[in-house]
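Taking it in order: structure first as structure tokens, then the write-up.
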Amino acid sequence: MKLYVAPYAPNPRRATMFVAEKGVSDIEVVTLNLPEGEHRSEAYRKKSPFSQVPTLELDDGRCLTESRAICAYLEALHPEPNLMGRDPFERAWIEMWDRRMELMFTMPLMLWVRHGNPVLAAIERNQNADVAQINQAQAMRMAKWLDGELGTRAWVAGDRFTIADITAACGMDFAKMMKWRPGDDLPNLRGWRERIAARPAGQVAA
């Protein structure tokens, strides 16, 4: 299998962190240069019609695009260590938290960076300062709420590391491009990220 990714982008990082935590070693990682438009080539569009990364290409040529779908496929192939739930309730519980992290935390962080960082102007050609400001405010509200939640447990969805932690970490790491990291005002969020850094998923380069 081949996994097509791009540097810094949160969605490819979500997949590579998942692969690292699973310990899967038989996937070839192919890095695309987004500023040079490699994801828009005709050959790549045949794999990913919307020019998205990541894309997982199976040995038989079939392709999956959407990071969550890629992770679900790999979870089915490699059930342990389990990252998405072992029974119906736990699977739903982890998915609930993963969706919260994706839509309420990582997405606002991504939009803040994409619309607020001048380095990304070549990729995000319709940057909007108002969009950046609105999403920054939403992300900071969520960061404060999440800090409170992490004061009651070690990981986002409970007492063990799951895909919900990966999703949240991807967004937070992407926000380093805006020079934001949780400080003394968010000690639980900072401690959580430090715990991730010690794991296989935390060794994946941002």
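Side notes on the structure shown:
- Set LEU120, LEU111: member being of a type outside the set (D, E, K, R), in a helix (DSSP H, G or I) and at pLDDT 95 or above: LEU111
- GLU38 being touching a residue at least 60 places away in the same chain (Cβ under 8 Å), of a type outside the set (Ser, Thr, Tyr) and touching a helix residue (DSSP H, G or I) at 6+ places or on another chain (Cβ under 8 Å): no
- Applying a threshold of 7 Å to beta carbon distances and a minimum spacing of six or more residues, or different chains, the list of pairs starting in the range 120-133 at a residue that is closer than 11 Å to LEU34 by Cβ and ending at one that is surrounded by 13 or more Cβ atoms within 10 Å (Cβ to Cβ) and at pLDDT 95 or above reads LEU120/VAL113; GLU124/HIS115.
- Count - residues of the range 17-33 that are under 17 Å from the mean Cα position of the chain (by Cα), surrounded by fewer than 22 Cβ atoms within 10 Å (Cβ to Cβ) and under 25 Å from GLU124 (Cβ atoms): 2
- Test set (1) assigned to a helix (DSSP H, G or I); (2) at pLDDT 95 or above; (3) of a type in the set (D, E, K, R) - ARG160 fails condition number: (1)
- Residue, farthest from the chain's Cα centre (by Cα), within the range 49-62, restricted to residues that are at pLDDT 95 or above and buried (at least 18 other Cβ atoms within 10 Å of the Cβ): GLU57
- Some residue of the range 41-63 being aliphatic (A, V, I, L, M), touching a residue at least 24 places away in the same chain (Cβ under 8 Å) and over 30 Å from LYS179 (Cβ atoms): yes
- Here TRP97, TRP93 are screened, and the one residue that is out of contact with any helix residue (DSSP H, G or I) (no Cβ under 9 Å at 6 or more places or on another chain), in a helix (DSSP H, G or I) and either of a type in the set (Gly, Ala, Ser) or not assigned by TED's automatic domain parsing to the domain that holds PRO35 (or both) is TRP93.
- Qualifying residue in the range 166-179 (condition: within 26 Å of GLU90 (Cα to Cα) and of a type in the set (S, T, N, Q)): yes
- When residues of the range 123-157 are limited to those that are within 19 Å of the chain's Cα centre (by Cα) and at pLDDT below 95, the one surrounded by the fewest Cβ atoms within 10 Å (Cβ to Cβ): ILE123
- MET172 vs. criteria touching a Gly at 6+ places or on another chain (Cβ under 7 Å), under 22 Å from TYR8 (Cα atoms) and in contact (Cβ under 8 Å) with a residue 60 or more places away in the chain: no
The values are calculated or read from the model by the stated rules, or taken from the named source; none is laboratory data. Everything numeric in this text was worked out from a predicted model, so none of it was measured. Cβ: placed from backbone, ideal geometry, glycine included. Neighbour counts: every protein chain shown.
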